[in-house]
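Down below is the structure, laid out as structure tokens.
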Amino acid sequence: GQSLEQPSEVTAVEGAIVQINCTYQTSGFYGLSWYQQHDGGAPTFLSYNALDGLEETGRFSSFLSRSDSYGYLLLQELQMKDSASYFCAVRAHSGNTPLVFGKGTRLSVIA
Amino acid sequence: NAGVMQNPRHLVRRRGQEARLRCSPVKGHSHVYWYRQLPEEGLKFMVYLQKENIIDESGMPKERFSAEFPKEGPSILRIQQVVRGDSAAYFCASSPQDRGKREQFFGPGTRLTVL
């Protein structure tokens, strides 16, 4: 089977740093993606890791360790607008193939 | 530069009726995916299509559900004889032909409510 595990909820203070972890067990692995979804909205792409290491895009960074089947999303200088659900997703096959999503982590940013 | 468009945004049906959900991918994208999301859950893959072909329908229930992506026009997800358990948000995503592209582009979703 395919499964991705991530915490269901995280709360953090405005201006702080938060890390959202994701562990996966999938039949194959070609990359780990992160998507953000605000309530009632569409998932929007944040980052993608195919190789081990850290990818940085502005306030957001994503890390992957393929040997540990583990990745995380790091959000810095949190803003209230970052309150949303964050999903990790695995591309289990090569090419344009469907994604396997985790259940999501609901991030609440408080003042 | 339009993104993925879905309509209707909200759809209410009574048990036993049919639901038709439409998706127009990003212009130039030839790959379409349908996902279903229940409240407080992640997205679950249903079906993957390219123009006129179903590539992978392993996530789609065997009965009542069908999908198409004709040569002309939007992709359609059709649910016949809807039941209360079909109530969910249905998202369509598209990606370009270029292998190695990392991102799927999602539409705003259709929220189906079955009474």
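Throughout, read-outs are computed from the coordinates displayed, never taken from laboratory work. Computed from a predicted model, the values in this text were never measured in an experiment. Here the Cβ is made from the backbone with ideal geometry for all residues, glycine too, and neighbour counts use every protein chain on show.
What is the spin-label model distance, in nm, from A:SER3 to A:ARG59 if the labels are put 7 Å beyond Cα along the C-beta direction?
Reported label-point gap for A:SER3 and A:ARG59 is 3.4 nm.
In a shell of Cβ-Cβ distance under 10 Å around A:PHE45, excluding A:PHE45 itself, what net charge do Lys and Arg (+1) and Asp and Glu (-1) give?
Overall, the nearby charge balance is 0.
Within chain A, which is the longest segment containing none of the GluC sites (Glu not before Pro) that sit in a DSSP loop and have at most 13 other Cβ atoms within 10 Å?
Here the longest run is A:15-76.
Give the residue list of GluC sites (Glu not before Pro) in segment B:1-110 that are DSSP loop and have at most 12 other beta-carbon atoms within 10 angstrom.
Numbers: sites: B:GLU18, B:GLU40, B:GLU41, B:GLU52, B:GLU57, B:GLU63, B:GLU68, B:GLU72, B:GLU103; in loops: B:GLU18, B:GLU40, B:GLU41, B:GLU52, B:GLU57, B:GLU63, B:GLU72, B:GLU103.
Hits after loop and neighbour filter: B:GLU18, B:GLU40, B:GLU52, B:GLU63, B:GLU72.
If you add up the charges near B:ILE79, with Lys and Arg at +1 and Asp and Glu at -1, over every other residue whose beta carbon is less than 11 angstrom from its beta carbon, what do you get?
Details: positive: B:ARG13, B:ARG20, B:ARG36, B:ARG64, B:ARG78; negative: B:GLU18, B:GLU63, B:ASP86.
Result for the neighbourhood of B:ILE79: +2.
Using Cα springs under 10 Å in a Gaussian network model of chain B, which residue among B:ARG20, B:ARG64, B:ARG102 shows the largest mean-square fluctuation?
With Cα springs under 10 Å in chain B, the top fluctuation among B:ARG20, B:ARG64, B:ARG102 is at B:ARG102.
Along segment A:98-107, what does the Karplus equation 6.51 cos²θ - 1.76 cosθ + 1.60 (θ = phi - 60°) give for ³J(HN,Hα), rounded to whole Hz, x for Gly and Pro?
x, 9, 9, 9, x, 7, x, 10, 8, 9
Would you mind computing the Rg to Rh ratio of chain A from its alpha-carbon coordinates, Kirkwood style for Rh?
Ratio of gyration radius to Kirkwood radius: 0.96.
Between B:GLU41 and A:PHE45, how high is the FRET efficiency from 1/(1 + (r/R0)^6) when r is the Cβ-Cβ distance and R₀ = 25 Å? Nearest 0.05. Write down the numbers at each step before the final one.
Values: r = 19 Å, r/R0 = 0.78.
The computed FRET efficiency comes out at 0.80.
Compute the whole-percent fraction of alpha carbon pairs in chain B spaced more than 19 Å apart.
41
Around B:LEU11, with a cut-off of 11 angstrom between Cβ atoms, what is the net charge of the other residues, counting Lys and Arg +1 and Asp and Glu -1?
Local charge sum for B:LEU11: +3.
Looking only at B:SER58, B:SER95, B:SER30, which one moves most when chain B is put into a Gaussian network model with springs between Cα atoms under 10 Å?
B:SER58
Work out the P(r) tail for the protein assembly as shown: percent of alpha carbon pairs separated by more than 34 Å, whole number.
Cα-Cα pairs in the protein assembly as shown separated by more than 34 Å: 14 percent.
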